[in-house]
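Colleague: Once you've had a glance at the structure underneath, I'll fire off some questions.
The values are calculated or read from the model by the stated rules, or taken from the named source; none is laboratory data. Worth saying up front: this structure is predicted, and the values here are computed from it rather than measured. When we count neighbours, we look across all protein chains shown, and the Cβ atoms used for this are built from the backbone with ideal geometry, even at glycine. Each accessible area value is taken on the protein alone, full model and side chains, heavy atoms only, with ligands, DNA and RNA left out. Shrake-Rupley method; radii C 1.70, N 1.55, O 1.52, S 1.80 Å.
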Amino acid sequence: MTTGASDPKAKPEALGRVTFLDGQNELPMLEVSTAWSTAVIYLHGAHVTQFKKHDEPPLLFMSQCSRFTEGQPIRGGIPVIFPWFGPREGLRQHGFARVQTWELKEFAPAPDGSVSLRFRLPDSPEAAAFPPFTADYIVTVNQSLTLQLVITNLSKDAEFTFENCLHSYFEVGDVTALSISGLKGLSYLDTVGGSVEKTETSDALRISSEVDRIYQNASDTVAIFDPRLGRKIRVEKQGSASTVVWNPWIAKSRQMPDFGDEEYERMICVESGNVASNSISLPPGGSSTLTVKLSSETLK
Ligand code: TA6
């Protein structure tokens, strides 16, 4: 089923469209098309698996080995990490939001050609371990991709402490040729070989081995220069004090059943959230919004 025209007076071809489809493994999927771009979103994890401007290669990396299975995370695209980041004793890694089937609450093709969709995380036994909350995720598709994760603490008396992260996987031409700027001078937790606190000294980060770093108090825009694909990707954000950079490199790639052995060569994760010492504590009735805008331009 396809739907688009909300403003009968608007020119049909300028309006965005949303198509409801059965995706891989028949998981419910939404295909969004605008005058500039297309995007694919699964209700499973409210997971954006594709964003592509008509005149550029896909922005997001998706593993050819990814699962599309109830209860399992999708490998690639933008996993929504909440309400905890990383391992947690006796619980699944990276929280439960990315393996839940979210509800599509509303979608609106706007007169300017953008399309916005709002998803809500349904209640679940895992959520019951936390104070009552709502988690809404708004995805806006146009020349760029904007994501907003809004968490509200519905409790009358309990504080709600959590971590969140939009774990974006970017498609790159050659991971060893790219450089990442916007992190210089920041302290980071280097989780490769233990969790050691270090300071970023390079003007632009280069990747030549496994990288798994949690940059703290990192609220600036990060740019990824990709000479092989001839483009620059910008990761702009608000309401986020952590930036995570990850590439599994060779050995870790071979350990991951849902990731190809050579796929590390053409992906880099630059993630935006609030993790570790930057976790969020919301007072009763409080609300927080994590906003991430992903855009790209061709290098001249
Ligand atoms: O964001 C980086 C990280 O925390 C790495 O430590 C690595 O484990 C990655 O996430 C992927 O985690 P996953 O649970 O999706 O395999």
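Colleague: Need the failing condition index for Ser168 against (1) touching a Ser or Thr at 6+ places or on another chain (Cβ under 8 Å); (2) touching a residue at least 24 places away in the same chain (Cβ under 8 Å); (3) among the small types (Gly, Ala, Ser); (4) over 26 Å from His94 (Cβ atoms), just the number.
Modeller: Of (1) touching a Ser or Thr at 6+ places or on another chain (Cβ under 8 Å); (2) touching a residue at least 24 places away in the same chain (Cβ under 8 Å); (3) among the small types (Gly, Ala, Ser); (4) over 26 Å from His94 (Cβ atoms), only one is false for Ser168: (4).
Colleague: Of the numbered conditions (1) open to solvent by less than 40 Å² (accessible area, probe 1.4 Å); (2) more than 11 Å from the ligand (Cβ to nearest atom); (3) touching a Pro at 6+ places or on another chain (Cβ under 9 Å); (4) over 15 Å from Gln148 (Cβ atoms), Val115 fails exactly one; give the number of that condition.
Modeller: All conditions are met except number (4).
Colleague: If only one of Glu271, Glu297, Glu236 is acidic (Asp, Glu), farther than 18 Å from Gly77 by Cβ and surrounded by 16 or more Cβ atoms within 10 Å (Cβ to Cβ), which one is it?
Modeller: Glu236
Colleague: Hey, another quick one. Only one of (1) part of a loop (DSSP other than H, G, I, E, B); (2) touching a residue at least 60 places away in the same chain (Cβ under 8 Å); (3) within 22 Å of Ala276 (Cα to Cα) fails for Thr161. Which number is that?
Modeller: Exception for Thr161: condition (1).
Colleague: Let me ask you something else. When you check Ala97 against the structure, is it more than 22 Å from Ser295 (Cβ to Cβ), within 16 Å of the ligand (Cβ to nearest atom), under 17 Å from the mean Cα position of the chain (by Cα) and open to solvent by less than 40 Å² (accessible area, probe 1.4 Å), yes or no?
Modeller: yes
Every residue, every condition in (1) in a loop (DSSP other than H, G, I, E, B); (2) open to solvent by 10 Å² or more (accessible area, probe 1.4 Å); (3) more than 16 Å from the ligand (Cβ to nearest atom), yes or no:
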{"site": "Gln93", "(1), (2), (3)": "yes, yes, no"}
{"site": "Lys105", "(1), (2), (3)": "no, yes, yes"}
{"site": "Pro122", "(1), (2), (3)": "yes, yes, yes"}
{"site": "Thr134", "(1), (2), (3)": "no, yes, yes"}
{"site": "Thr140", "(1), (2), (3)": "no, yes, yes"}
{"site": "Gln148", "(1), (2), (3)": "no, yes, yes"}
{"site": "Phe170", "(1), (2), (3)": "no, no, no"}
{"site": "Ile180", "(1), (2), (3)": "no, no, no"}
{"site": "Leu183", "(1), (2), (3)": "yes, no, no"}
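Colleague: On to the next question. From Phe107, Phe51, Phe119, which residue is within 26 Å of Gly230 (Cβ to Cβ), aromatic (Phe, Trp, Tyr) and in contact with a Leu (Cβ under 8 Å, 6 or more places away or on another chain)?
Modeller: Numbers: Phe107 fails: within 26 Å of Gly230 (Cβ to Cβ); Phe119 fails: within 26 Å of Gly230 (Cβ to Cβ).
The conditions single out Phe51.
Colleague: Given the conditions (1) within 18 Å of the chain's Cα centre (by Cα); (2) on the phi < 0 side of the Ramachandran plot, report the number of the one that Gly76 does not fulfil.
Modeller: (2)
Colleague: Could you please give the count of residues in the stretch 52-91 that are assigned to a loop (DSSP other than H, G, I, E, B) and either more than 15 Å from Val275 (Cα to Cα) or near the ligand (Cβ under 10 Å from one of its atoms) (or both)? Before you say what the answer is, go through the steps one by one.
Modeller: So the first thing to find is which residues in the stretch 52-91 are assigned to a loop (DSSP other than H, G, I, E, B), and the list is 54-59, 61, 63-75, 77, 79, 83-87, 89-90.
This time we only want the ones that are either more than 15 Å from Val275 (Cα to Cα) or near the ligand (Cβ under 10 Å from one of its atoms) (or both), so: 54-59, 61, 63-75, 77, 79, 85-87, 89-90.
Summing the residues that are assigned to a loop (DSSP other than H, G, I, E, B) and either more than 15 Å from Val275 (Cα to Cα) or near the ligand (Cβ under 10 Å from one of its atoms) (or both) in the stretch 52-91 gives 27.
Colleague: Just to be sure before I move on: is Lys156 part of a loop (DSSP other than H, G, I, E, B), closer than 26 Å to Asp212 by Cα and more than 22 Å from the chain's Cα centre (by Cα) in the structure I sent?
Modeller: It is false that Lys156 is part of a loop (DSSP other than H, G, I, E, B), closer than 26 Å to Asp212 by Cα and more than 22 Å from the chain's Cα centre (by Cα).
Colleague: Could you check the stretch 197-216 and list, in sequence order, the residues that are open to solvent by less than 10 Å² (accessible area, probe 1.4 Å) and of a type outside the set (A, V, I, L, M, F, W, C)?
Modeller: Result: Tyr215, single match.
Colleague: Looking only at residues that are open to solvent by 10 Å² or more (accessible area, probe 1.4 Å) and touching a helix residue (DSSP H, G or I) at 6+ places or on another chain (Cβ under 7 Å) in the stretch 239-249, which one is nearest to the ligand (Cβ to nearest atom)?
Modeller: Out of the qualifying residues, it is Trp249.
Colleague: Same structure, new question: Return a yes/no flag: does the stretch 208-215 have any residue that is closer than 14 Å to Ser272 by Cα and more than 16 Å from the ligand (Cβ to nearest atom).
Modeller: The answer is no; no qualifying residue exists.
Colleague: Filter the stretch 179-215 down to residues that are touching a residue at least 60 places away in the same chain (Cβ under 8 Å) and within 18 Å of the chain's Cα centre (by Cα) and give me whichever is nearest to Glu271 (Cα to Cα).
Modeller: By that ranking, first place goes to Ile214.
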